[in-house]
Amino acid sequence: MTRWIGGPLFDACFFFGSGVVALLAGLLMLAAPVTVLPMWFAWIWLVEGPHLLATWQRTYLDAGFRRERGRLLWTSLAWLLPGPVLLGVSWISGRPEPFLLFLGAVALWSFHHGVRQHHGILSVYQRLGDADAAARKADKLLLHSILWVAFGLLALVHPANVDLAARVSWGAHAITALAMLLAMAVVWWAALLVRRWRSGSAVLPGIFGLVVAVGTTLFSLFAVGLREPLLANPLTTEQVFMAATIVGGTLHGLQYIGIVIATERRRARSGMAARWVYAIMLAASLLYVALNLARGGAPVGAAPGSASAQVFLALYWGLFCHHFWLDQKIWRPSSDARLRAELGLETA
């Protein structure tokens, strides 16, 4: 058994180097905000679109998967419906709340999806490194706690919400408590890594969790997020946080593409090379770029809030609800022997 998912160089590029790429993208946008919109186009075409398509390539386009889990593939399509249905409810009732609640729920699900992926990759490295039960439990607790506390803290301290936090009696106390909790958790995890290193225990899982997953996310939320909007004249809340979304999405997307490539290599040792599969995905990803323009995702596309943009926005989040749900079902190595073999956790 190896301690790498796809090999030392492969992991350095996709699972650790993804953090470096995301960091450099964020620094570039901070130094030159005029690059935010071009970076957004590059991200959704080169990373975000292929990452979405990779799920379908691994499921709907795999004959074995269709045969074994066809029911899941059909029933999961129901997740395309809540957005359009709740948009229709908002139109009929003349009230925006149903569709806004849907958008708020999928935003939280999106962050959970990212946290879940970080934990999934962390768990694979723990298994590959023979981490003991105490280390696995501590790393899981710290990863989830730090990321969700950071999410809540940003919601309170961002300039767009700071006045709201100040108007409630507990606002300042909540900010202080969350900041202290975040700092203590990061220090505690760093201390655990030092202790493991000194005792000769595996530290690679913790380095991935603390440095790559947590470090890059904190950079995205606070170093970039607190300086938003970097995009000139944003028209929606999504555009206000465009640069931070690019940083976090680059980390998530590259790691997802990496895990799919690594598992596909073991699933079928012969077949089309990954670079040709990616080239096909880039061609298909142009449709994803068009969808983002049609939903008003950028100031150069359709007018946000227009009827057509809302329809495409509902369809857009429907695709991601489907992606989130499908991912929760197909990446379960604890109950899938073939997936464990594809991840290098055991011999098939």
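The values are calculated or read from the model by the stated rules, or taken from the named source; none is laboratory data. Source: prediction; values computed, not measured. Positions of Cβ are backbone-derived with ideal geometry, glycine not excepted, and every protein chain shown enters the neighbour counts. The protein model used for the area step is the full one, side chains on, heavy atoms only, and it has no ligands, DNA or RNA in it. Shrake-Rupley method; radii C 1.70, N 1.55, O 1.52, S 1.80 Å.
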Discussion item. Counting only protein heavy atoms and a 1.4 Å probe, tell me what percentage of segment 293-348's accessible area is made up of carbon and sulfur.
Written reply: 60
Practice prompt. Please report how far the C-alpha centroid of segment 60-135 lies from that of segment 303-348, rounded to the nearest whole angstrom.
Written response: 5
Fill in: √(5λ) per eigenvalue of the Cα gyration tensor, segment 177-220, largest first, Å
21, 14, 5
Response to the item:
With N residues in segment 180-286, Rg(alpha-carbon) / (2.2 N^0.38 Å) equals 1.45
Discussion item. I need to check one value: relative contact order of segment 254-348, counting alpha carbon pairs closer than 8 Å and at least 6 residues apart, in percent.
Written reply: 25
Worksheet item: Hey, what D do you get for segment 64-190 in µm²/s if you plug the Kirkwood alpha-carbon radius into Stokes-Einstein at 37 °C and 0.692 mPa s?
Response: 179
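Hey, what number do you get for the chain at 222 nm if only DSSP H runs of n ≥ 4 count, each worth -39500 (n - 2.57), divided across all residues, to the nearest 500?
Only helices count here, giving -22500 deg cm²/dmol.
Could you give the length gained on full extension between Arg69 and Leu100, defined as 0.36 nm per residue of separation minus the Cα-Cα distance, in nm?
The Arg69-Leu100 span can extend by a further 7.8 nm.
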Item to complete: Kindly provide the Kirkwood hydrodynamic radius of segment 1-146 in Å, to one decimal, from all pairs of distinct alpha carbon atoms.
Response: 19.2
Worksheet item: For segment 52-158, with every protein chain kept in place, what is the accessible area per residue (1.4 Å probe, Å²)?
Response: 51
Discussion item. Could you work out what % of the accessible surface of segment 143-247 is carbon and sulfur, using a 1.4 angstrom probe and leaving DNA, RNA and ligands out of the count?
Written reply: 70
Practice prompt. Select from Leu230, Leu147, Leu81 the residue whose mean-square fluctuation is largest in a Gaussian network model of the chain (Cα-Cα springs shorter than 10 Å).
Written response: Leu81
Worksheet item: Where does segment 1-54 land on the Kirkwood hydrodynamic radius, alpha-carbon pairs, in angstrom?
Response: 12.7
Fill in: Size descriptor, Kirkwood hydrodynamic radius, that averages inverse alpha-carbon separations across the chain, Å
21.5
Worksheet item: Ignoring ligands, DNA and RNA, what percent of the accessible area of segment 13-114 is carbon or sulfur (1.4 Å)?
Response: 77
Worksheet item: Going through the DSSP H helices of the chain, which span 20 Å or more along their own axis at the Cα atoms while scoring at least -1.0 as a mean Kyte-Doolittle hydropathy?
Response: 17-31, 97-128, 133-157, 171-199, 242-267, 274-294, 307-330
Discussion item. Between His119, His158, His51, where does the largest GNM mean-square fluctuation fall for the chain, given springs only between Cα atoms within less than 10 Å?
Written reply: His158
Fill in: Contact order normalised by residue count of the chain, Cα under 8 Å, 6+ apart, percent
33
Item to complete: Return the Cα extents of segment 18-90 along principal axes one, two and three, sorted largest first, each rounded to a whole Å.
Response: 49, 39, 16
Worksheet, complete the sentence: Under 16 Å by backbone N from the virtual spin label 7 Å along Cα-to-Cβ at Trp188, the residues of segment 118-144 are 134-144
